[in-house]
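What follows is one structure encoded as C-alpha cells, with my remarks underneath.
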C-alpha cells in the first residue's frame, strides 16, 4: 500500500514538474519573442529616422544622395514632377477649398520664372477629379495669364458632376472619360474625343491662346467632406502626343529608403513644389496700378 502511495506521489511530482517546465519554457519563449519584436521596432524606428535624414541631405544637395549614418545605409532618389502630358499633383488628395497649383511657365534654376518657355494651351487641356460616388465634389479652375498688352488677368470656370446641385449653383456640367478613370478618378471636364482629335478645352483658356501667356492654373475642389485627388492632362485620346503637349516641371519629390544591417527597411517621401502665388491672386490681380478682376 505504501509503495502504491509513493508511486502516486512521484507521478504527481512529475506532473507538477512537467507543467512548471512547460510554463517556464512558454515564458522564456514569449520573453524572447517580445525582445525580438522590441528590437525590430527599435531598428525600424532607427531606419525611419535615417530615411528622414536622407531627405534632409537631399534637400541640401538639391538632388539625389546616398550615404550611411549610425550603421544604417540610405539612398535618396530625386524624381522630377511634371514635364509630361499628365500631372496628378504628386499623388496627393485635397480637402474642400484646398488649392492645387499647376505652373504653365517654366522656372529657372534659382526658382525665378522663365516666360520664354511655357505650355502652349491650344485646345488640349482636360481636368480629372474625385473618386467617390456619394461624396461628389465640384471643381473650380482659375487661370492666371498675361494678355498681349502685358496686363495680368485671371478667369475662372467651375464644373459640377451633381446635376441637381448644378441647377442651383449654375456651375457647368461635368462628365466622365476613360483616361480619368485610368487615373483612378471619377469625373472629367469634357468627354474624350475621337481618335486623333484634340481635346475640348475649358472656355477659360480661350483668352490665353491668342497673344497671351498662361502663367498658372489653380484647381480647387468644392463640397467634398473627404480629401480626393485631382489631375490635369493634355493627352490625345489615341495616346499620341504633340511636341508641345507637355506641362513644365513643377518641382521634385524625394524618395528616401534606409536599410539596417539586418535588412529592416523604411521609406520616406517628400515633395517640394515651386512656390505658389497667394490666394488673393485667384480673384484679383494688381498690374501697373490697375486692379484687374
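Extending 7 Å from Cα along the Cβ direction at residue 148 and again at residue 59 yields two label points whose distance is 4.5 nm.
Hey, with R₀ at 25 Å, roughly what FRET efficiency would residue 114 and residue 183 work out to, going by the Cβ-Cβ distance, to 0.05?
On the way: r = 28 Å, r/R0 = 1.14.
Here the calculated transfer efficiency is 0.30.
Give the shape of the range 73-185 as rounded, prolate or oblate, defined through the alpha-carbon gyration tensor: a ≥ b ≥ c are the square roots of its eigenvalues, a/c under 1.5 means rounded, and otherwise the shape is prolate if a/b is larger than b/c and oblate if not. Judged from the Cα gyration tensor, the range 73-185 comes out oblate (a/c at least 1.5, b/c at or above a/b).
The length gained on full extension between residue 39 and residue 132, counted as 0.36 nm times the residue separation minus their Cα-Cα distance, comes to 29.4 nm.
No value in this document is a laboratory result; all are computed from the given coordinates. Worth saying up front: this structure is predicted, and the values here are computed from it rather than measured. Backbone-built Cβ (ideal geometry, glycine too); neighbour counts: all protein chains shown.
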